[in-house]
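Take a look at the structure below.
Nothing in this text is a laboratory measurement; each read-out follows from the coordinates by a stated rule. The shown structure was predicted, so the numbers you read here are calculated from the model rather than taken from an experiment. Cβ coordinates were reconstructed from backbone atoms using ideal geometry, including for glycine residues, and neighbour counts include every protein chain displayed.
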Amino acid sequence: MSRFIRSAAVLSLGAATLASLPAVAADELHYNQISLRAEVSQEVARDQMIVTLYTESQNTDPGKLAAEITTTMNKALAQAREVKDVTLRQGSRNSYPIYDNKNQKITGWRERAELRMESSDFAALSKLTGEMLTNLKMDSMDFAIANSTRKASEDALLKEAVAAFKARAQLATDALGGKGYKIVNLNFNTNGYPQPYARGGMMMKAAAMDSAPTPEVEAGTSQVSMSADGVIEVTP
């Protein structure tokens with residue numbers, strides 16, 4: 001019986017020793033480790049133009065109203081399809097009742113439908129927009145960074161962020177009197193890629209009433225950045 005107790009004690013001690021190994025390893029993992037951050041940025045052109053047009057009308061007969069809106073939108077789509085390099089998307093379409101002054105009886109219906117047009121050819125889309133404003137109204141004119149431009153920008157920033165992080169890592173290593181360093185982990189985050197930047201369309205609408213001119217537009221740029229956050233271990 002006593003032999004069993006002694007054996008159990010030895011096994012218990014061995015298990016306790018093994019259980020302590022991860023803790024020791026964790027302590028060693030963080031030895032001579034420091035956290036660093038590097039950030040780089042660049043100006044990126046908003047090279048995607050987005051225009052949202054709409055038609056809106058009302059009628060006491062909801063069927064006639066729907067037919068009117070559909071006819072107007074079909075003509076607009078046919079006109080827009082004639083222009084190359086313009087992507088078309090039909091936006092929301094809503095119909096709702098109009099009530100009398102007492103808000104008890106429906107006196108008519110109002111319906112609104114949207115057409116969204118996107119292009120990197122600002123001149124072509126501006127001209128088309130001016131022509132279409134004779135039948136439609138403008139909801140907004142937006143500018144964004146195209147997906148292909150964003151990817152190219154992120155790839156370039158990634159290389160710059162890695163170089164900047166390595167430079168800071170070497171600077172920190174030299175300051176601590178280390179012989180070298182190794183990267184324990186490294187994470188990247190991007191900031192500043194905008195949602196479409198809205199421009200009001202009322203002035204453009206008024207100018208297009210008579211001669212449908214091509215308005216000058218300037219999309220501008222956005223400052224985007226990428227940060228590299230990581231941990232290095234300095235070799236003594």
Checklist line | Burial order of peptide ranges 137-149, 165-177 (average beta-carbon count within 10 Å, highest first) | finding: 137-149, 165-177
Note to self: With bins 10 Å wide starting at 0, give me the P(r) of segment 64-114 over every alpha carbon pair, in whole percents.
What the structure shows: 21, 39, 24, 12, 5, 0
Next item on the list: Could you list which residues have their amide H under 5 Å from that of Thr221, counting only those 5 or more apart in sequence or on another chain, with H placed in the peptide plane?
Entry: Arg46
Check: For Tyr181, Tyr193, what's the fewest-to-most ordering of other Cβ within 10 Å of each Cβ?
Finding: Tyr193, Tyr181
